[in-house]
1. Work from the charge dipole of region 109-150 (Cβ charges, +1 for Lys and Arg, -1 for Asp and Glu, about the Cα centre) and give the residue of A125, T137, Q115 farthest towards its positive end.
2. Determine, at each q value in 0.15 (inverse angstroms), the log₁₀ of I(q)/I(0) that the Debye formula gives when each Cα of region 99-208 is one equal point scatterer.
3. Give the Debye-formula value of log10 I(q)/I(0) at each listed q (0.19, 0.24, 0.26, 0.29 Å⁻¹), with one equal scatterer per alpha carbon of region 22-65, two decimals each.
4. Which percent, nearest 5, of DSSP beta bridges in the chain are antiparallel?
5. Residue by residue through region 21-33, which ³J(HN,Hα) values in whole Hz follow from phi under the Karplus form 6.51 cos²θ - 1.76 cosθ + 1.60 (θ = phi - 60°), with glycine and proline marked x?
6. Angle, helix 159-170 long axis vs. longest principal axis of the chain, Cα atoms, 0 to 90°, nearest 10?
7. HN-Hα J couplings of region 177-185 from phi, Karplus 6.51/-1.76/1.60, θ = phi - 60°, integer Hz, Gly and Pro as x?
8. What would the Debye equation give as log₁₀ I(q)/I(0) for the chain at q = 0.12, 0.13, 0.15 Å⁻¹, counting only Cα atoms as equal point scatterers?
Amino acid sequence: MPKLFHLLCSPRANSESLAAARVFLDQFRKARPEWDIDEMNLWRDHLPEFEGYILEAKYARIGGKSFTESQRDAFAIAERMAVRFSLAERVVISTPMWNFGIPYKLKHWIDLISQPGLTFRFDPARGYLPLVKDRPTVVILASGGDYITGLNRGQADLATPYLRQALHVIGVRDVQFVPIGPTNGPAEPVRVARETAHRRLAELAARF
Ligand SMILES: Cc1cc2nc3c(=O)[nH]c(=O)nc-3n(C[C@H](O)[C@H](O)[C@H](O)COP(=O)(O)O)c2cc1C
């Protein structure tokens, strides 16, 4: 069964990014009822701290050394997470903007799956080489302010360029960003931003 992977990154019950993801996924289910939707909630699933054996394993890989048994066991958790992601033919990431970037749970997940020999490799002559197959990906980014131009009151949206690069390095390049903002403040601009994003997502989902 083909699979869509949804990475859910907001801890809020009334999350705007999650509500938008639900609009997208409802439409996607109608268009492709035979698809399996695999949802990972970063605030529910356990993410191991990136220290100790798993960290040693990463450095062992970088240094071309083989794993000890403890390193192999620790690394297996990262491997399972990366495989769960890379097995999906489609990806949806729904996330808030936090302090101009991404929530630490999403960064934690990226740190876990971005491993040499697993999702990318490094060649001294050619640089970073991706190991993940490209697949259509949508990133839904909810922010209190409106960053449609990349800036809000002189502050830059660092979440979009960071996510674009983190995904690009491992091979995921067919990425569309759907911003929702403002989600805070006067009701009318919030409503317009929400409706615009929902409309765009429903259209995208029908041909995703
Ligand atoms: C810790 C934290 C940091 C935030 N930082 C920003 C920010 O830098 N820029 C912004 O526009 N909104 C910021 N917000 C507001 C959220 O982006 C906004 O409420 C958004 O709707 C959250 O997504 P969600 O509704 O899916 O949880 C922040 C909220 C929190 C809790």
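1. Final value for the positive-end residue is A125.
2. -0.75
3. Results for region 22-65 at q = 0.19, 0.24, 0.26, 0.29 Å⁻¹ read -0.70, -0.86, -0.93, -1.00.
4. 25 percent
5. Taking θ as phi minus 60°, the curve returns 4, 5, 4, 4, 5, 4, 5, 4, 4, 5, 6, 9, x Hz for region 21-33.
6. The angle comes out at about 40 degrees.
7. 3J(HN,Hα) across region 177-185, in whole Hz: 9, 10, x, 10, x, x, 9, 10, x.
8. -0.65, -0.76, -0.97
Here, each number is a calculation from the coordinates, and none is a lab measurement. Computed from a prediction, not measured in an experiment: that's the story for all the values here. Cβ coordinates were reconstructed from backbone atoms using ideal geometry, including for glycine residues, and neighbour counts include every protein chain displayed.
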